[in-house]
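K.L.:
Quick one: the structure is below, questions incoming.
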Amino acid sequence: MGIDSAEGLEKIFAWDPDFTKVTAQERADMESADKDLENGEYVSHEDVWKDID
């Protein structure tokens, strides 16, 4: 027995109405990360794990 995503979000908002709010710094960090992705500036999953093993 599952719940659809709309019903789940309603429950989250009822529990925490500030769920989707971010601070000014968090917003700036997310916008910077989006720009990095658009410019191809990221580390691949393979590169992260190749030096760990």
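The values are calculated or read from the model by the stated rules, or taken from the named source; none is laboratory data. Predicted model, so just to flag it, every value in this text is computed and none were measured. Methodologically, a virtual Cβ is constructed for each residue, glycine included, from the backbone with ideal geometry; neighbour enumeration extends over all protein chains shown.
Rundown of residues vs (1) among the small types (Gly, Ala, Ser); (2) at pLDDT 85 or above, yes/no style:
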| site | (1), (2) |
| --- | --- |
| 3 | no, no |
| 25 | no, yes |
| 35 | no, yes |
| 40 | yes, yes |
| 45 | no, yes |
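K.L.:
Restricting attention to segment 10-22, which residues are surrounded by 10 or more Cβ atoms within 10 Å (Cβ to Cβ) and modelled with pLDDT of 70 or more?
P.N.:
10, 11, 22
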